[in-house]
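Worksheet: the structure to be examined is printed underneath.
The values are calculated or read from the model by the stated rules, or taken from the named source; none is laboratory data. From a predicted model like this one, the values you see are computed outputs, not experimental measurements. Every residue, glycine among them, receives a Cβ derived from its backbone with ideal geometry; neighbour counts consider all protein chains shown. We work out accessible area using only protein heavy atoms, side chains counted, and drop any ligands, DNA or RNA first. Shrake-Rupley method; radii C 1.70, N 1.55, O 1.52, S 1.80 Å.
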Amino acid sequence: MKYAMLAVEGTTDQAVVGRTLKLLNFKRFGGQSERLDALWNSIVPTYPPQKGNLYDRLAMPSIFANASQSLAIYQGNGSDLIKKVSALLTNHDLHEKLDAFGVIADADNHAPSTVATKYQQGFSALFPRIPATPGQVSQDHPKTGIFVFPDNSSKGVVEHLLIECGDVVYGPLLKRARAYVDGFSVDARKAENWTPFAPEKALIAAVASLLKPGSTNTVTIADNLWISDQTKDQAMLASLIGFLRTLLRETNDPISETT
């Protein structure tokens, strides 16, 4: 069995990457402790914590596997990603057992190269050959790479990828959602302290509330067609699929797609 870890900044990133892995013939671990691969036992959080704030919960990675690989997606809450993932890997010597390691992050208002350089420098002590070029994958062992949403070349966030895909499968709903979000004036947005990419996040939330009433964005990403066979050829998603294929594929062992 080969092992890989993907480090992501937030829950939406985690959901998008997980759904994309299903297009690459990975299946999500169902949660039964007796079926969890032994390598990941050391990173299963203990509830409640033995000391400190009893309301604090450590993130449980999303686990995926196919016939030859087991993969964990760890969500590290944005600015704490480097610190949390580095501690997780070194405390359990996991970095020495991985066959692949990747970082997937948002560009936000920065150039993707700036974001990639930040993570390359942050993880270089554990992975000296991790590339600083967005989307590039090192072929050394372990294979390493950094993907920057939305497409390794543009400023933006994962929601831009979802909107591009959503226009294919939920065009009428997105049109109505855009009209609703665009109806908020500049003053109204300032009054509500909207962040630079809040309109894109609001678009996804609006459509999600219609597709899965009462559910979160992550649920609609997992259950609906944003990331699907119908949208896999859209440019931003295709870029992510290509990155994951290169990072996770063994030589002469292509990852096949599944519907």
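Is any residue of the range 156-193 close enough, with backbone N under 16 Å, to a label point placed 7 angstrom from the Cα of Gln230 along the Cα-Cβ axis, and if so, which? Residues 162-176 fall inside that zone. Between the Cα long axis of helix 112-123 and the first principal axis of the chain there is an angle of about 30°, rounded to the nearest 10. So between His141 and Asp223, what do we pick up on full extension, going 0.36 nm a residue minus the alpha carbon distance? Full extension of this stretch gives 26.1 nm more. Springs between alpha-carbon pairs under 10 angstrom, Gaussian network model over the chain: which of Asp108, Asp229, Asp182 fluctuates most? Evaluated over the chain, the most mobile residue of the options is Asp182.
Name the lysines eligible as straight-distance cross-link partners of Lys212: C-alpha to C-alpha under 27 Å, and not fewer than 8 places from it in the same chain. Excluding near neighbours in sequence, the set is Lys22, Lys27, Lys175, Lys201, Lys232.
Looking at the square roots a ≥ b ≥ c of the eigenvalues of the Cα gyration tensor of the range 154-259, which shape do they give, rounded for a/c under 1.5, prolate if a/b is larger than b/c, or oblate? The partial results should precede the final answer.
Values: a/c = 2.69, a/b = 1.93, b/c = 1.39.
Taking the square roots of the gyration eigenvalues as a ≥ b ≥ c, the range 154-259 is prolate.
Between helix 198-211 and the chain there is an angle of about 90 degrees, using the helix long axis and the longest principal axis of the Cα atoms.
For Thr114 and Ala191, calculate 0.36 nm times their separation in residues minus their Cα-Cα distance, and state this gained length in nm to one decimal. Don't skip to the end; give the middle numbers.
Details: separation 77, 0.36 × 77 = 27.72 nm, distance 3.07 nm.
The Thr114-Ala191 span can extend by a further 24.7 nm.
Counting only helical runs of four or more DSSP H residues, what would the 222 nm mean residue ellipticity of the chain come to if each run contributes -39,500 (n - 2.57) and the total is spread over all its residues? Per the formula, -12000 deg cm²/dmol. The angle between the Cα long axis of helix 171-182 and the main principal axis of the chain comes to about 70°, on a 0 to 90 degree scale.
Using 0.36 nm per residue and subtracting the Cα-Cα separation, the extra length available between Leu210 and Ala87 on full extension is 40.3 nm.
Residues with beta-carbon under 14 Å from that of Asn217, excluding Asn217: net charge, scoring Lys, Arg +1 and Asp, Glu -1?
Values: positive: Arg19, Lys201, Lys212; negative: Asp13, Glu159, Glu200, Asp223.
After counting each charged neighbour, the total is -1.
For the pair Gln32 and Ser154, label points projected 7 Å from Cα toward Cβ lie 4.3 nm apart. In the assembled protein chains, Lys190 presents an accessible area of approximately 140 Å² (probe radius 1.4 Å). Between amide H atoms placed 1.01 Å from N, distances below 5 Å from Gln136 occur with Ile146, all of them 5 or more places distant or on a separate chain.
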